[in-house]
Amino acid sequence: VIDLAAGSVARVVQGDIIRDVEYVEYVAEKDGILEISRIVFPLAIVLTQDCDLEWDPRLRSEEAKNQDKLLLSALLAPIYTAAHVYAGEHLTDLGLRMATINEKRSPGEYLRNNERPRYHYLDLPAGIQIAPSVIDFKHYFSAHIKYLVELRKRNRVCTLSPLFREDVTQRFSNFLARVGLPEPSVAPRATESAK
Amino acid sequence: VPKSEPPFDPRYLVGSQDTQTREDKAAEEVPPAPRPPDSYATAKPRRIVTRAQIVP
């Protein structure tokens, strides 16, 4: 079970879990008609480092000498209900079908043990009325800081404690740092036993 | 008058494998907090498309 931070501060915090975060998918204009498409994520977690988030509001005050460390946006990742992820149905309302993960067999166990780089399993305390969930690092997105500050005031669910939030962010950075290697162009060398 | 022996307490038995009292075991066997039911499942992400006329 994930541990939560006690209390809260009046700014966006790394590890914040926020409800109904909007992501602007696209803005298009044709024949004088403006079309804006947004995806609303029912739950998302803030991944941006807390030291950056701590500096940002200080630099927005009039007393600040410069805005050198001002943030344009914060990184977040969506949180899906684990049962939906197992069934591959967490994005059906967007018209997308995901791969299934067998909950009862090894794939489900690997997911819950955080052995799959793409996902982070969240089992929040019983006091938080959210079923077991999964962070999907592949679907990370950004949101403007000012938008998040206002949204957080009414939509913050909870904040992970420092140790658990660092675990999430470190696993996210490891996910981004993966190196995709090409398939070998030559056949692998025969092993001694095969000779 | 023969002295009565104190009641046997396994915690004071040197080398005993079972040094836990019934109370200790009961304390360890407290069931975990119940998981939230499926009704707490979060809604799925949804798309909202807004169209508006640009006023020149």
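What follows draws every value from the coordinates through simple rules; no lab data is involved. The structure displayed is predicted, hence computed values, not measured ones. Cβ sites come from the backbone with ideal geometry, for glycine too, and all protein chains shown count toward neighbours.
Quick one: A:Val24, A:Val13, fewest Cβ neighbours within 10 Å first, how do they rank? Spell out each step's value before the answer.
Numbers: A:Val24 14, A:Val13 20.
Neighbour counts put them in this order, fewest first: A:Val24, A:Val13.
Seen through its C-alpha gyration tensor, with square-root eigenvalues sorted a ≥ b ≥ c, the range A:12-93 comes out oblate because a/c lies at 1.5 or above while a/b is not bigger than b/c. Dividing the convex hull volume of the alpha carbon atoms of the range A:122-195 by its residue count gives 194 Å³ per residue.
For peptide A:130-140, how many partner chain Cβ atoms fall within 10 Å of a residue's Cβ, on average? Walk me through the numbers on the way to the answer.
Working: counts 4, 8, 5, 3, 0, 0, 0, 0, 0, 1, 0.
Per residue, the average neighbour count from other chains is 2.
Quick one: among A:Leu91, A:Leu151, A:Leu124, which has the greatest mean-square fluctuation in a GNM of chain A with alpha-carbon springs under 10 angstrom? Between A:Leu91, A:Leu151, A:Leu124, it is A:Leu91 that shows the largest mean-square fluctuation. Please say if the range A:57-189 is rounded, prolate or oblate, where rounded means a/c under 1.5 for a ≥ b ≥ c the square roots of the C-alpha gyration tensor eigenvalues, and otherwise the choice is prolate for a/b larger than b/c and oblate otherwise? Oblate, because a/c is 1.5 or more while a/b does not exceed b/c. Mind checking which of A:Ser133, A:Leu72, A:Asn102 is farthest towards the positive end of chain A's charge dipole, using Cβ charges of +1 (Lys, Arg) and -1 (Asp, Glu) about the Cα centre? Positive-most Cα among the choices belongs to A:Asn102. Assign one of three labels to the range A:1-138, namely rounded, prolate or oblate, based on the Cα gyration tensor with a ≥ b ≥ c the square roots of its eigenvalues; rounded applies when a/c is under 1.5, prolate when it is not and a/b is larger than b/c, and oblate otherwise. Here the range A:1-138 falls in the oblate category.
Between A:Leu72 and A:Arg116, the simple spin-label model (points 7 angstrom out along Cα→Cβ) gives 3.3 nm.
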